[in-house]
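A.B. asks: Sharing a structure with you now.
The values are calculated or read from the model by the stated rules, or taken from the named source; none is laboratory data. Because the structure is predicted, anything quoted here is derived from the model rather than measured. Backbone-built Cβ (ideal geometry, glycine too); neighbour counts: all protein chains shown. Areas reflect the complete protein model, heavy atoms only, side chains present, ligands, DNA and RNA absent. Shrake-Rupley method; radii C 1.70, N 1.55, O 1.52, S 1.80 Å.
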Amino acid sequence: MDKSHILSISVAVVGAVWFLVHHLYNSMWFRSERLRRKLWMQGIKGPSPSLIYGNLPEMQKIQLNALTSTPNNADIVAHDYTSSLFPYFVQWRKEYGPIYTYSTGTRQHLYVNQAELVKEMNQCISLDLGKPSYITKRLAPMLGNGILRSNGPLWAQQRKIIAPEFFMDKVKVMVGLMVESMQPLVRKWEDSIEAQSGVMADIRVDEDLRGFTADVIARACFGSSYSKGREIFSKLRKLQTAISKQSFLFGVPGYGLLPMKKQNEILSLEREIESLIWETVKERESKCKEACSSEKDLLHLILEGALNDQSLGEDSSKRFIVDNCKNIYFAGHESTAVAASWCLMLLALQPEWQSRVRAEVAQVCGGSLPDADSVSRLKTGVGCR
């Protein structure tokens, strides 16, 4: 090999190394630094990041200090749970105010803790604001491209179709379904207590409430196809468990990678769920076209909205219906069950509030089952929140 060949190879190697270094510098530091400078010029400060990991080391340190400094369990059971789950956000908010910037690896984040500004950002459809792609990409098998995952004009279009089905007059109709689903659960708890001579029973409240919320959504969404709805939600629950194995909070490359077996499981569950939902939709499509159908469940109403929207083609209508059925489950199932569990736990810690709530229910309902009218007249629960 002569000198010219050696020189050519050397130049190529140097060029490749320079390109790699330039790419790494640009992706790992320069772009984030440029964003930080633009925010700082607007008065938005934040903690100083490290070159590769951003603020992750500081976040882990603050989290560890919060865990070791907690004196007892009583401080964990508090209304302000964010100080326990995300102590770094609380600390930085005290240092930099309600709006600040921080980074996780190569990603730059803007923290906003002003309700009106968040509302304004959520209503903006002309800019690329909303759900970050590094989170929504991993949730695609669970949410599809439904309202919880979409952004911009697509989100606005879906909201226009779905929002009217959750106006108060339509939600009131669902109260009967909620009471119907709650009665077997109350009887189950009563039987468990009676089996222990009426003294004390070991009840997994969180599991029971997850089953209750899934039951309500299955009845509200699928009505007469209720049993198939429960099958769909059972598979969605398995899919949610599989996806939760991924770590996507910090959005750092390399985090949240799953083995091929787990990826195949997620793909298989996604196909099964979509097939079941679409089978149910096709069974109901003929009913949706009949004007004489007076009682319509949520799936029926969403199907009507999609079919009547001229901007949606046939394929888009199918995808819209399937994705948003999954979104309704995700939004109304786990979050509602967790909120109810948290409420019961707080009531267990505050016996005086239990007595006030119990007295009000007895006065308003008078021994009868609650309905939409009586629920609207219960004021103590609003005060608890």
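A.B. asks: For MET28, which of the numbered conditions (1) modelled with pLDDT of 90 or more; (2) under 22 Å from SER133 (Cβ atoms); (3) over 22 Å from the mean Cα position of the chain (by Cα) fails to hold?
C.D. replies: Result: MET28 fails condition (1) only.
A.B. asks: Which members of region 310-324 meet the condition of being modelled with pLDDT of 70 or more, of a type outside the set (S, T, N, Q) and open to solvent by 30 Å² or more (accessible area, probe 1.4 Å)? Quick ask: steps written out before the conclusion?
C.D. replies: Of region 310-324, the ones modelled with pLDDT of 70 or more are 316-324.
Now narrow it down to the ones that are of a type outside the set (S, T, N, Q): 318-323.
Scanning region 310-324 gives LYS318, ARG319.
A.B. asks: Next question, about the same structure. Is region 147-155 home to any residue that is among the small types (Gly, Ala, Ser) and outside the structural domain of GLU334 (by the TED database)? Reasoning before the result, please.
C.D. replies: Let us first name the residues in region 147-155 that are among the small types (Gly, Ala, Ser), namely 150, 152.
Narrowing the set further to residues that are outside the structural domain of GLU334 (by the TED database) leaves 150, 152.
Checked against the condition, which is being among the small types (Gly, Ala, Ser) and outside the structural domain of GLU334 (by the TED database), region 147-155 yields at least one hit.
A.B. asks: Also, quick follow-up: Out of curiosity, is GLN363 open to solvent by 60 Å² or more (accessible area, probe 1.4 Å) and either at pLDDT below 90 or under 21 Å from VAL205 (Cα atoms) (or both)? Break it down stepwise before answering.
C.D. replies: Numbers: open to solvent by 60 Å² or more (accessible area, probe 1.4 Å): yes; either at pLDDT below 90 or under 21 Å from VAL205 (Cα atoms) (or both): no.
No: the conditions fail for GLN363.
A.B. asks: Only residues that are surrounded by 11 or more Cβ atoms within 10 Å (Cβ to Cβ) and either in a helix (DSSP H, G or I) or at pLDDT 85 or above (or both): list them for region 283-302, please.
C.D. replies: Once the filter is applied, which keeps residues that are surrounded by 11 or more Cβ atoms within 10 Å (Cβ to Cβ) and either in a helix (DSSP H, G or I) or at pLDDT 85 or above (or both), region 283-302 yields GLU283, ARG284, GLU285, LYS287, CYS288, LEU298, LEU299, HIS300, LEU301, ILE302.
A.B. asks: So for region 252-264 (the condition being modelled with pLDDT of 65 or more and crowded, with 16+ Cβ neighbours inside 10 Å), does at least one residue qualify? First the steps, then the outcome.
C.D. replies: Applying the first criterion (modelled with pLDDT of 65 or more) to region 252-264 yields 259-264.
In the following step, the residues that additionally are crowded, with 16+ Cβ neighbours inside 10 Å were identified as none.
There is no residue in region 252-264 that is modelled with pLDDT of 65 or more and crowded, with 16+ Cβ neighbours inside 10 Å.
A.B. asks: Moving on. Out of (1) open to solvent by 30 Å² or more (accessible area, probe 1.4 Å); (2) at pLDDT 85 or above, what's the single condition that is false for VAL90?
C.D. replies: Exception for VAL90: condition (1).
A.B. asks: Among the listed residues GLU165, GLU116, identify the single one that is exposed (fewer than 15 other Cβ atoms within 10 Å of the Cβ), of a type in the set (D, E, K, R) and either in contact with a Leu (Cβ under 7 Å, 6 or more places away or on another chain) or at pLDDT 85 or above (or both). Quick ask: steps written out before the conclusion?
C.D. replies: Working: GLU165 fails: exposed (fewer than 15 other Cβ atoms within 10 Å of the Cβ).
Answer to the check: GLU116.
A.B. asks: Whether any residue in region 325-339 is open to solvent by 40 Å² or more (accessible area, probe 1.4 Å), at pLDDT 80 or above and not hydrophobic (A, V, I, L, M, F, W, C) is what I want to check.
C.D. replies: If we filter region 325-339 for residues that are open to solvent by 40 Å² or more (accessible area, probe 1.4 Å), which is where we start, we get 330-331, 334-336, 338-339.
With at pLDDT 80 or above added as a condition, the list becomes 335-336, 338-339.
Remaining after also requiring not hydrophobic (A, V, I, L, M, F, W, C): 335-336.
Yes, some residue in region 325-339 is open to solvent by 40 Å² or more (accessible area, probe 1.4 Å), at pLDDT 80 or above and not hydrophobic (A, V, I, L, M, F, W, C).
A.B. asks: Yes or no: region 233-249 includes at least one residue that is more than 16 Å from MET142 (Cβ to Cβ) and either at pLDDT below 90 or not assigned by the TED database to the domain that holds PHE330 (or both). I'd like the intermediate steps shown before the answer.
C.D. replies: Restricting attention to region 233-249, the residues satisfying the condition of being more than 16 Å from MET142 (Cβ to Cβ) are none.
Within region 233-249, none of the residues are more than 16 Å from MET142 (Cβ to Cβ) and either at pLDDT below 90 or not assigned by the TED database to the domain that holds PHE330 (or both).
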